[in-house]
Amino acid sequence: MVLQRIFRAVIMGPPGSGKGTVSARITKSFGLTHLSSGDILRANINAKTELGLLMKSCIDQGQLVPDDVMSRLILSDLRTLGQSSWLLDGFPRTVSQAEALDDTYSVDTVINLNVPFQTIKQRLTSRWTHLPSGRVYNIDFNPPKVPGLDDVTGEPLAQRDDDTPETVTRRLKSYETQTEPVLEYYRSKGVLETFSGTETNKIWPHVEAFLHRRLTSVNQKVA
Ligand SMILES: Nc1nc2c(ncn2[C@@H]2O[C@H](COP(=O)(O)OP(=O)(O)O)[C@@H](O)[C@H]2O)c(=O)[nH]1
Ligand SMILES: Nc1ncnc2c1ncn2[C@@H]1O[C@H](COP(=O)(O)OP(=O)(O)O)[C@@H](O)[C@H]1O
């Protein structure tokens with residue numbers, strides 16, 4: 001679908017709820033530019049930038065990066081996207097970040113993946129990531145064609161340092177205390193759309209149908 005105005009979306013959900021997996025499908029079907037805060041942070045760690053080195057221990061301990069650092073980083077990346085429609089994944093994770101985003105952009109829709117914590121814990125310990133692109137695989141759900149290698153580039157896959165059972169527990173706790181209030185924030189603005197389930201393949205058709213309706217109505221309003 002060709003969009004006739006800029007569309008701004010956020011995808012939310014606990015760690016491991018399938019944000020990256022669903023974002024890749026949204027990008028493919030609707031052409032929104034995907035911006036993932038976790039991918040940006042890991043690229044900084046990989047490139048050993050000052051920011052990456054400072055933030056690594058925070059991330060490895062399952063703690064959130066400070067709001068001011070994160071908001072500055074994401075808002076400056078959003079500026080470089082110019083006139084593109086976008087899908088933000090992993091940001092905002094606190095109400096203060098949501099307010100910082102609101103100061104500059106009005107968010108059209110927030111897709112919330114509501115997946116039980118028990119389902120998530122099993123997934124994350126079998127997640128394999130192609131760090132340069134953020135493509136994710138799973139030994140059970142979507143294994144790479146060649147074990148241990150990325151389907152597109154053939155480069156090696158890695159397990160994230162923060163996908164250990166102890167760190168996952170800490171990340172889920174921080175999600176409950178710091179990120180769940182963001183859902184309330186967007187609910188009160190009338191832009192939150194929640195999709196519940198335990199399997200991405202069952203959730204996805206609902207997300208796809210919702211976005212199709214939403215984007216069609218945006219285009220009709222412009223026309
Ligand atoms: N078993 C199973 N694994 C899934 C499903 N959906 C996604 N995954 C895997 O679960 C892990 C977490 O998904 P990801 O998209 O990275 O979630 P995010 O942390 O919210 O971005 C990855 O290894 C995915 O391949 C599913 O329906 N079933
Ligand atoms: N918006 C954010 N605010 C603070 N910290 C963040 C943010 N986004 C990512 N991080 C840090 O990066 C880690 C990994 O994020 P991410 O890749 O989005 O995790 P997941 O895909 O498992 O939800 C987080 O646990 C946190 O330490």
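The values are calculated or read from the model by the stated rules, or taken from the named source; none is laboratory data. Bear in mind the structure is a predicted one, so any value in this text is a computation, not a measurement. Neighbour counts run over all protein chains shown; Cβ positions are idealised from the backbone, glycine included. Note: accessible area is taken over every heavy atom of the protein model, side chains too, but ligands, DNA and RNA are not part of it. Shrake-Rupley method; radii C 1.70, N 1.55, O 1.52, S 1.80 Å.
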Might you check whether a residue that is modelled with pLDDT of 95 or more, in contact with a Ser or Thr (Cβ under 6 Å, 6 or more places away or on another chain) and surrounded by fewer than 17 Cβ atoms within 10 Å (Cβ to Cβ) occurs anywhere in region 112-122?
yes
With E199, E208, E193 as the choices, which residue is under 30 Å from D60 (Cα atoms) and open to solvent by 20 Å² or more (accessible area, probe 1.4 Å)?
E199
Across (1) within 18 Å of the chain's Cα centre (by Cα); (2) more than 9 Å from ligand 2 (Cβ to nearest atom); (3) outside any helix (DSSP H, G or I), S17 clears everything bar (2)
